[in-house]
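Colleague: Input: one structure, supplied below.
The values are calculated or read from the model by the stated rules, or taken from the named source; none is laboratory data. These figures come from a predicted structure and were not determined experimentally. FYI the Cβ positions are ideal-geometry reconstructions off the backbone, even for glycines, and counts take in every protein chain you see.
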Amino acid sequence: MVNQMKEQTNKTKKVTIYDVAAEAGTSAATVSRVLSNSGYPVKEEVRQRIIDAAKKLNYTPNMVGRMLKKNISMDIGVIIPTISNPFYSQIILGIEQEARQRGYNILLCNSFRDSETERKYINSLYQKQVRGIVISSIGENHDYLKELQANGVRIVVFDQWTDDIKCSKVGFNYIKGGLMAVEHLISMGHRKIAFATSPLTRRSRRETMEGFRLALLKHGIPFEEDYVIESESEEEQENGTYEFENGKKLAVKIMDLKDKPTAVFAVNDMTAIGIIQGLTNYGVRVPEDISVIGFDNIEISSMINPPLTTVNQPSFETGRLACKLLLDSMNDNGYEDVSVVLEPSLIIRKSVRNLLQKT
């Protein structure tokens, strides 16, 4: 009867390397090294303790993990929040160029701004035996990524910085970018400046707004809560134009303000383009009536009317560098994690009016 109950429990809950690690009193990474016979130096007493714990718990090693240890696959996974934003398209081009030059293939996953979809893709890539993953994660729980790491999968995070997972990272100085954008508006005579954004659920957006705040504080301009124009929700649309449509909705909120701003700083270029369209629908001229500045410097930002002043975020270089760090780590057992923060630059075009210039 006891054996039947034990057998039923094992069917209900699969034993993982974390369970073995807890039983043996060591780390999951050490368990993985011992059970995969990686040759990594581990004290004999610790090795035996892990083997005994695995036997006691009836742990069965995952065959995918074993194959990963043999470095069979030439595929790497790429997970992004949305394919519809040209910013991520440029990042993918950078990743793909680096991967192809070094003989690797990419498996692209679009999480549709949904953390559960992201988790499913992580699991799918694991089952496909990828050797590494480049990811812009929108999830807050990264246990799945940690488990992949414990089984030999290399991870590189870009765009959305995460502190709870140890890996190489390619980030961007969003605070400085926000500061730079607002200081440009202030230098052009603007004092009533709004910040228009998607929900502040991502670190990049919160840091961009922090730059917005710092610029106002630095120049003695009061921070007005009413000038933070934030959308209530974020959900990918079937036609893939969330940022643009969201920008038009934010334009409605801007027009509802009793004391309208002279300038709007948008969280990204597609939102800025939507705001310009939305303001135009109200008969508001950009930049004559309200100035607009964006963030990203996607290609289309120079093609609209008026051409968009924006903060340049080197998307192609972000992707290329993230892929390089991943492939370097996959091919060097002594590789140490690297964190790189790319710096912004201002691209001045024609969507911001100079209020100090006499007409």
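Colleague: With the checklist (1) outside any loop (DSSP other than H, G, I, E, B); (2) of a type outside the set (D, E, K, R); (3) modelled with pLDDT under 90 in hand, flag the one item Gln129 doesn't pass.
Modeller: All conditions pass for Gln129, except number (1).
Colleague: If a residue must be part of a loop (DSSP other than H, G, I, E, B), of a type outside the set (A, V, I, L, M, F, W, C) and modelled with pLDDT of 95 or more, how many such residues does segment 200-223 contain? Let's see the steps before the verdict.
Modeller: Applying the first criterion (part of a loop (DSSP other than H, G, I, E, B)) to segment 200-223 yields 200-202, 219-223.
Pick out the ones that are also of a type outside the set (A, V, I, L, M, F, W, C) and you get 201-202, 219-220, 222.
Still in the list and also modelled with pLDDT of 95 or more: 219-220, 222.
Total meeting the criteria: 3.
Colleague: Continuing with the same structure: Would you say Glu147 is surrounded by fewer than 22 Cβ atoms within 10 Å (Cβ to Cβ), out of contact with any helix residue (DSSP H, G or I) (no Cβ under 6 Å at 6 or more places or on another chain), touching a residue at least 24 places away in the same chain (Cβ under 8 Å) and part of a helix (DSSP H, G or I)? Walk me through how you get there before you give the answer.
Modeller: Details: surrounded by fewer than 22 Cβ atoms within 10 Å (Cβ to Cβ): yes; out of contact with any helix residue (DSSP H, G or I) (no Cβ under 6 Å at 6 or more places or on another chain): yes; touching a residue at least 24 places away in the same chain (Cβ under 8 Å): yes; part of a helix (DSSP H, G or I): yes.
The answer is yes for Glu147.
Colleague: Out of segment 294-322, which residues are assigned to a helix (DSSP H, G or I) and out of contact with any strand residue (DSSP E or B) (no Cβ under 6 Å at 6 or more places or on another chain)?
Modeller: Applying the first criterion (assigned to a helix (DSSP H, G or I)) to segment 294-322 yields 299-302, 315-322.
Within segment 294-322, Glu299, Ile300, Ser302, Ser315, Phe316, Glu317, Gly319, Arg320 meet the criteria.
Colleague: Which condition breaks for Gly211 when tested against (1) in contact (Cβ under 8 Å) with a residue 40 or more places away in the chain; (2) crowded, with 24+ Cβ neighbours inside 10 Å; (3) of a type outside the set (Lys, Arg)?
Modeller: The one condition Gly211 does not meet is (1).
Colleague: Same structure again: Would a scan of segment 113-135 turn up a residue that is surrounded by 21 or more Cβ atoms within 10 Å (Cβ to Cβ), in contact (Cβ under 8 Å) with a residue 24 or more places away in the chain and of a type in the set (S, T, N, Q)?
Modeller: no
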